[in-house]
Amino acid sequence: MIFSTIKSLIIAASVLLLFSLLGGPLRAQEVLTLDAAVAQALNANYGIQVARNNARIAENSAHPGAAGLLPAVTLSGNANYNNNNATAELITGTDPNTGAPILVENSINGLQTSSAGGSLGVAYTVFDGLGNVYRYRVLKSQAALTQEQTRAVIEATLAQVMLGYYQLGRQTLAYALQEQSLARSQARLAQVRNQAQFGSATGLAVLNARVDLQADSIALAQAALLRDNARRDLNALLGQDIEARYEVETLLQLRGDLDWEVLAQYVRENNAELLAAQEARQAAELNLRVAQSGRYPRLSLNASYGYNYANNGPISFARTIESVGLAAGATLSFNIFNGNQVSRNIQNAEVSLANSRLQYRETEQNLIRDLRKAHATYRHNLKVLDLSQARLEAARLNFARTRDAYDLGQATGLAFREAQLNLFNAEIQLNNARFDVKVNEVELMRLSGLLLPEGE
């Protein structure tokens, strides 16, 4: 009777511990929710930060000025000073007899001359076959492409975070189940020792119970290692201290509304990889237009307003020159022949466009294949979940009856251990089946482009 009470207390303690691990009021550590983990990853994950910075660079580069749609305005200035020894022949008149100029040589040491000036200039390409317009559209398309690539990186990272979170939950429950199994073995050993004292059990039975308890203790240590390593993996994804400790929620809410037809439609409309391939195709089409613009003439306008001053020294007839004014001009050019470079550029752009169309179709095909496989696995695991639930119910009933028979001396320790392991394996299988379904849901949501929270 006393040992039966001890056994009941041990089992009750293990149940309370399991309740604590499942998120009950006895939890001693902070509980990290999945939403909080996702928010932490969005703010601190290194890969996500790098992807966002790349998207920001692409957005900054998609500017009209980078495509030549805005005029170029330059402000320039210059100043020069010279100090030289010079010899000059000056014309002082004309010989009346011959009509030849009369030259006088003049040598000056330390001849100083200087000049200074400045101008404000504007240049603008009025027409280049609309190449600048298409180049700007290419930059905008590339920025959109980078945005989709960034979203794909964020979604893949968030999928890893969710899988890491669920893996920690899986290992947390596995540890709790292993601890509960250890408590059963401890109660069995206490009961066998009590029976041995009164001669109703042999020393071999005690030894067998002790061996089973030691095996469960080793398994519990292994479960603790797997749980702690899962937490370290999640910490790395969250960009925080690797040894940060917390608990996670282990009560799973399965969606149950992942219909194939709806998911397939979402893939075509929202999947970041497919949208990126679509943007790449559009950029290739625009690059072809840019290449074709080389066949058209180019018209450029320029204007400047400037001031110039020059001091030429005493040996020049124009000792100083000062000018200020406006200058304007237009340039019209047409490429007649440049080694067929324009034709080659057009041909290469056409090939690139064909490749981008093929890559889009390949990406679409691969995504539909991946969605088919993921959905088939999801449906399979739902069936496994139902079977695992039925198996657990049978294992619980079998263990309860075997334990009662063991208490009455009608079942051997081997039968008790077998029923105990069957129950533990059924619990682990159900635990794994539940988390497997949740993992499948994450993959289906990622493929459908529905993983990111609203506003991201």
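The values are calculated or read from the model by the stated rules, or taken from the named source; none is laboratory data. Given the structure is predicted, the values throughout are model-derived calculations rather than measurements. With ideal geometry, Cβ positions are generated from the backbone for all residues, glycine too; neighbour counts draw on all protein chains shown.
Considering each residue of region 187-209 in turn, none proves to be under 27 Å from Glu243 (Cα atoms) and not small (Gly, Ala, Ser). If you go through region 219-242 and keep only what is free of Cβ contacts under 8 Å to residues at least 24 places away in the same chain and of a type in the set (D, E, K, R), you end up with Asp228, Arg232, Asp241. Please verify whether Leu145 is in contact with a helix residue (DSSP H, G or I) (Cβ under 8 Å, 6 or more places away or on another chain), under 30 Å from Gln292 (Cα atoms), crowded, with 21+ Cβ neighbours inside 10 Å and in contact (Cβ under 8 Å) with a residue 24 or more places away in the chain, treating the condition exactly as stated. The answer is yes for Leu145. Every listed requirement among (1) under 19 Å from Asn425 (Cα atoms); (2) part of a loop (DSSP other than H, G, I, E, B) is met by Gly199 save one, (1). Here Ala219 meets each of (1) buried (at least 20 other Cβ atoms within 10 Å of the Cβ); (2) more than 24 Å from Gln253 (Cβ to Cβ); (3) at pLDDT 95 or above with one exception, condition (1).
Filtering Thr412, Thr363 for residues that are surrounded by fewer than 16 Cβ atoms within 10 Å (Cβ to Cβ), in the same structural domain as Gly256 (by TED's automatic domain parsing) and polar (S, T, N, Q) leaves a single hit, Thr412.
Return yes when Arg357 is loosely packed, with under 14 Cβ neighbours inside 10 Å and either outside the structural domain of Ser114 (by TED's automatic domain parsing) or free of Cβ contacts under 8 Å to residues at least 60 places away in the same chain (or both) and no when it is not. Spelling it out, it is not the case that Arg357 is loosely packed, with under 14 Cβ neighbours inside 10 Å and either outside the structural domain of Ser114 (by TED's automatic domain parsing) or free of Cβ contacts under 8 Å to residues at least 60 places away in the same chain (or both).
Checked against the criteria, Ala221 does not count as more than 43 Å from the chain's Cα centre (by Cα) and of a type outside the set (Lys, Arg). Among the residues here, Thr377 qualifies as modelled with pLDDT of 95 or more and more than 30 Å from Gln147 (Cβ to Cβ).
Taking each residue of region 277-288 that is over 18 Å from Asn348 (Cβ atoms) and looking for partners that are in a helix (DSSP H, G or I) and of a type in the set (Val, Ile, Thr) with beta-carbon atoms closer than 6 Å, six or more apart or interchain, yields Ala277/Thr363.
Would you confirm, using the coordinates I've provided, whether Arg372 is at pLDDT 90 or above and either under 27 Å from the mean Cα position of the chain (by Cα) or surrounded by 12 or more Cβ atoms within 10 Å (Cβ to Cβ) (or both)? Judged against the criteria, Arg372 is a match.
From the list Tyr305, Tyr309, Tyr378, which one is more than 27 Å from Tyr134 (Cα to Cα), in the same structural domain as Ala277 (by TED's automatic domain parsing), hydroxyl-bearing (Ser, Thr, Tyr) and out of contact with any Lys or Arg (no Cβ under 6 Å at 6 or more places or on another chain)?
Details: Tyr305 fails: in the same structural domain as Ala277 (by TED's automatic domain parsing); Tyr309 fails: in the same structural domain as Ala277 (by TED's automatic domain parsing).
Unique residue meeting the criteria: Tyr378.
In region 241-286, of all residues being among the small types (Gly, Ala, Ser) and part of a loop (DSSP other than H, G, I, E, B), the one that is nearest to the chain's Cα centre (by Cα) corresponds to Ala244.
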